[in-house]
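To keep things clear, I will list the structure first and then write my remarks on it.
Since every read-out is calculated from the coordinates, none of them should be taken as a lab result. Small disclaimer: the values here were computed from a predicted structure and weren't measured. Methodologically, a virtual Cβ is constructed for each residue, glycine included, from the backbone with ideal geometry; neighbour enumeration extends over all protein chains shown.
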Amino acid sequence: MLIDSHCHFDFDIFDDQRDVLMTQCENHGVLGFLVPATTCLSWSKLQALAAHYPQWRAAYGLHPYFLRESQLAEIDLLGDQCEAAQAIAVGEIGLDCWPGSVDINIQIDFFSRQLLVAKSLNLPVILHARKSYDLVFKCLRETKFKRGGIVHAFNGSLEQAKRFIDLGFVLGVGGTITYSRAKKAHRVLNALERSAFVLETDSPDMPLNGFQGQINTPLSIPIIAEHVAQIRGETERQITAQTYANLLRVFPKWHEGLL
Ligand SMILES: [Zn+2]
């Protein structure tokens, strides 16, 4: 089955169309959704939606890009939240060095503390890393975090990919690879082992080529799978089966959850 391993399906923008989209996804074979949280304020809505839709799995955490709205004290609540809501991962956490982001030392503090929470719960993490791979490796090393997870929207080199894979991570492959100009991403994707990646949309963000300016939805997953198959010279069936197997390997709690 096809899974969207990273979508913000809890965002308000989907409130009016969520049920319709869920039905459409089912009709297109997209049968699972991993929804990572962004801010503490969003946790309760996500928890309620994940309880409502048996196809959803949730991760809880404080997203690096939204830390202006966050306080360190919220991390004290994270462990209980993950346990009460049967989280399968801690996320979306990481470091974002894009202009306009919060001071990097503050980000590192939040990230490292959340890695320690994940470590104490023995949960994998959903990593958000933008222009920050070396710093992310440093935090993983310093916290001795070895439980792995997903590197969301990976766009690094093959060497960086291998470093993450050695630490138990798989790489999130999404809409970027539908653009013909993304030559480096195509080369890296083509060189990866089958066991190294999963599919994701980052809905409502990261629209596919040809859909710029539109709201992205998990309905993009079959199109992404088609592109991945073409780039790697494999069949869509192989991509579907292998990415599902990869997801279950990284998230052994996938089938425990809320069913
Ligand atoms: Zn995200």
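What helices does the chain have that are whole DSSP H segments, at least 15 Å long along their own axis by Cα, and with mean Kyte-Doolittle hydropathy of 0.5 or more? Working shown, then result.
Numbers: long enough: 104-121 (25 Å, 0.69); 221-232 (16 Å, 0.79); 236-250 (21 Å, -0.39).
Those that pass (Cα extent of 15 Å or more, hydropathy at least 0.5) are 104-121, 221-232.
Per-residue packing, averaged as other Cβ atoms within 10 Å, sorts the ranges 236-243, 34-41 into the order 34-41, 236-243, beginning with the highest. Pairs of alpha carbons in the stretch 95-224 separated by more than 25 Å make up 28% of all such pairs. Selection among Ile165, Pro204, Ala153 by position relative to the dipole of the stretch 147-212 gives Ile165 as farthest towards the positive end (Cβ unit charges, Cα centre).
Computed about its Cα centre, the charge dipole of the stretch 60-120 is approximately 140 debye, with only Lys, Arg, Asp and Glu carrying charge at their Cβ. Taken about its Cα centre, the chain carries a charge dipole of about 1100 debye when Lys and Arg each add +1 at the Cβ and Asp and Glu each add -1 at the Cβ.
What number comes out for the charge environment of Gly174, summing +1 per Lys or Arg and -1 per Asp or Glu over other residues with Cβ under 11 Å away? Within the 11 Å Cβ shell, the charges total -4. Once divided by 2.2 N^0.38 Å, the Cα radius of gyration of the chain becomes 0.93.
Over all distinct Cα-Cα pairs of the stretch 40-157, the Kirkwood formula returns a hydrodynamic radius of 14.3 Å.
Distance from the Cα centroid of the stretch 1-20 to that of the stretch 125-184 is 23 Å (rounded to whole angstrom). Summing charges over neighbours of Leu72, with a neighbour being any other residue whose Cβ is under 12 Å away from its Cβ, gives -2 when K and R count +1 and D and E count -1. Comparing Leu135, Leu247, Leu127 in a Gaussian network model of the chain where C-alpha atoms under 10 Å apart are linked, the largest mean-square fluctuation is found at Leu135.
Site pair Val20 and Asn122 shows an inter-label distance of 4.5 nm when each label is modelled 7 Å from Cα along Cα→Cβ.
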